[in-house]
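The values are calculated or read from the model by the stated rules, or taken from the named source; none is laboratory data. Keep in mind the model is a prediction, meaning the values are calculated, not measured. Cβ: placed from backbone, ideal geometry, glycine included. Neighbour counts: every protein chain shown.
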Amino acid sequence: MQPLLKHYHRSIALHLLLMIFGVYFLVAVLVTVIQLYKEYENTRTEFYNEIQTLPSTFGKGISDSVWTYNQELMQSIIQGMYNLPIVVGVKVSSLDQKMDFQIGAVLNEQRQVEYYNSDGLSTKQTHTGLGSQSLFDHEFPIYYQGPAFDQKIPLGTVTLYSSDRLVFERLKYGFILILVNSIIKTCMLWVIIYFFINKYLGKPLKEFTFKIHQQDPQSPNPIDLDISWTDENELLILKDSYNQLIQRVNMNQIELLKLNQELDEKVKVRTRDLERAKESAERLAYSDPLTKLRNRRAFFNTGRQLLNQAETQHYPISLIMIDLDNFKALNDTYGHALGDQALITFAEVLKSNRPSIDIMGRLGGEEFAVILPNTEEDDAMKIAEHLRQEISHIELTHEQSIVRFTASMGITVNSQGSATLDQLLAQADKALYFSKHQGRNRVTAHSKIDTLTTE
């Protein structure tokens with residue numbers, strides 16, 4: 001198997017042959033299927049047409065037997081119809097139901113196949129094979145018309161059944177002939193195409209490849225091919241182009257070596273520059289340039305990963321939303337430089353009071369968030385309260401003045417592991433604004449909002 005696969009990957013003749021053979025095989029299969037389907041349709045139509053001729057032969061006898069209630073005569077006629085090679089079942093339905101009778105494979109009211117023996121009694125399945133459960137029928141009425149009656153008197157109906165199994169059996173030999181014919185044509189076409197492709201394309205390409213492999217990489221020489229074609233063709237053009245390329249390579253080899261050395265030096269320098277630029281870009285992409293905390297994008301990426309881990313390992317996660325109180329007024333009063341200093345100092349206090357496993361980020365402006373892994377709500381409240389006190393002790397100097405600021409916080413916890421990061425942020429944000437409305441410089445848990453509102 002391995003040598004065959006190796007030969008397949010190296011032989012363009014065999015590769016092209018298999019592609020052509022595959023396409024031809026699909027077309028042949030499609031044509032064969034269409035041909036068989038047409039044969040099936042024509043044969044099925046012939047069966048149906050033959051069944052439709054039976055009422056003219058047997059209809060009068062069945063009508064007389066039903067009219068005279070001659071059960072024996074009717075069963076004899078129906079048995080004769082059933083023995084025909086195109087019939088798999090017969091069902092007689094009389095209006096008074098006294099002469100109802102069925103034999104062979106028939107369809108019930110639910111269009112399900114049932115089987116009856118020659119006495120009209122239900123029996124096990126008697127027909128097997130492909131299409132035995134696919135019946136098609138022809139129903140015709142039975143009348144009685146005697147000298148004492150001016151009009152035909154309806155007596156009931158007779159339904160004749162045939163099946164696709166009989167159709168397939170009639171098609172079987174034709175199908176075998178079609179299949180054998182397709183296989184023979186396919187094999188002959190395969191051999192013919194392989195012979196010519198291998199002779200005029202495969203062997204020259206193999207020779208070309210062999211001679212290229214024999215070349216000395218340091219000093220390659222032009223090559224020649226033994227091709228039986230006398231006119232210009234793609235292989236000769238390929239050979240000439242290769243030889244011209246070899247000549248140019250030999251002429252410029254020394255210059256290329258020198259150029260490669262210069263390029264190697266430039267690449268090394270450029271690589272170092274790119275590595276530094278990449279490191280700087282990564283820092284800018286995931287770090288807030290002012291506070292050095294995670295930016296919004298990095299916070300969301302890391303936060304979602306942490307939430308998935310907490311859900312898998314079944315431990316709680318708390319989230320603290322922090323907003324500096326009256327920050328706009330601080331900027332307007334003391335300038336943006338002091339506002340930036342307030343944000344930087346706040347971030348330093350945040351980092352110095354929390355371990356590295358906590359996820360801290362600046363979501364925008366003066367709004368920050370902290371994710372506390374494996375932390376319940378009570379512990380998160382204590383942590384937030386400690387941070388609030390630390391922030392209130394921050395002192396900034398502006399000219400001769402001491403400037404202080406505070407922060408409001410909102411807390412939520414994901415103890416069940418079912419909330420998303422967006423949902424947790426929304427809950428914490430709601431608790432944060434509750435703190436704002438209650439006078440700022442305070443901590444509120446999302447779970448306590450309803451209780452505090454009632455009070």
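Residues that are within 14 Å of residue 160 (Cα to Cα), assigned to a loop (DSSP other than H, G, I, E, B) and in contact with a helix residue (DSSP H, G or I) (Cβ under 9 Å, 6 or more places away or on another chain) within region 86-133 comprise 86, 87, 88, listed in sequence order. Restricting 116, 143 to residues that are within 21 Å of residue 71 (Cβ to Cβ), more than 53 Å from the chain's Cα centre (by Cα) and not polar (S, T, N, Q) narrows the list to 143. Could you go through region 335-352 and let me know if any residue there is closer than 29 Å to residue 416 by Cα and either assigned by TED's automatic domain parsing to the domain that holds residue 405 or not hydrophobic (A, V, I, L, M, F, W, C) (or both). Yes.
All but one of (1) surrounded by fewer than 18 Cβ atoms within 10 Å (Cβ to Cβ); (2) in contact with a strand residue (DSSP E or B) (Cβ under 8 Å, 6 or more places away or on another chain); (3) of a type outside the set (Gly, Ala, Ser) hold for residue 413; state the number of the condition that does not hold. Of everything listed in (1) surrounded by fewer than 18 Cβ atoms within 10 Å (Cβ to Cβ); (2) in contact with a strand residue (DSSP E or B) (Cβ under 8 Å, 6 or more places away or on another chain); (3) of a type outside the set (Gly, Ala, Ser), residue 413 misses just condition (1).
Here is a yes/no grid of residues against (1) touching a residue at least 60 places away in the same chain (Cβ under 8 Å); (2) buried (at least 22 other Cβ atoms within 10 Å of the Cβ):
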{"site": "356", "(1), (2)": "no, no"}
{"site": "367", "(1), (2)": "no, no"}
{"site": "381", "(1), (2)": "yes, no"}
{"site": "393", "(1), (2)": "no, no"}
{"site": "435", "(1), (2)": "no, yes"}
{"site": "444", "(1), (2)": "no, yes"}
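Number of residues in region 397-421 that are under 59 Å from the mean Cα position of the chain (by Cα) and farther than 18 Å from residue 371 by Cβ: the value is 4. Checked against the criterion of being touching a residue at least 24 places away in the same chain (Cβ under 8 Å), in the same structural domain as residue 170 (by TED's automatic domain parsing), assigned to a helix (DSSP H, G or I) and surrounded by fewer than 22 Cβ atoms within 10 Å (Cβ to Cβ), the candidates 80, 59 yield just one match: 59.
Residue selection: residue 65 satisfies the criterion of being buried (at least 18 other Cβ atoms within 10 Å of the Cβ) and of a type in the set (S, T, N, Q).
Yes/no per residue for (1) outside any helix (DSSP H, G or I); (2) at pLDDT below 75; (3) β-branched (Val, Ile, Thr); (4) under 30 Å from residue 351 (Cβ atoms):
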| site | (1), (2), (3), (4) |
| --- | --- |
| 241 | no, yes, no, no |
| 259 | no, no, no, no |
| 262 | no, no, no, no |
| 268 | no, no, no, no |
| 272 | no, no, no, no |
| 284 | no, yes, no, yes |
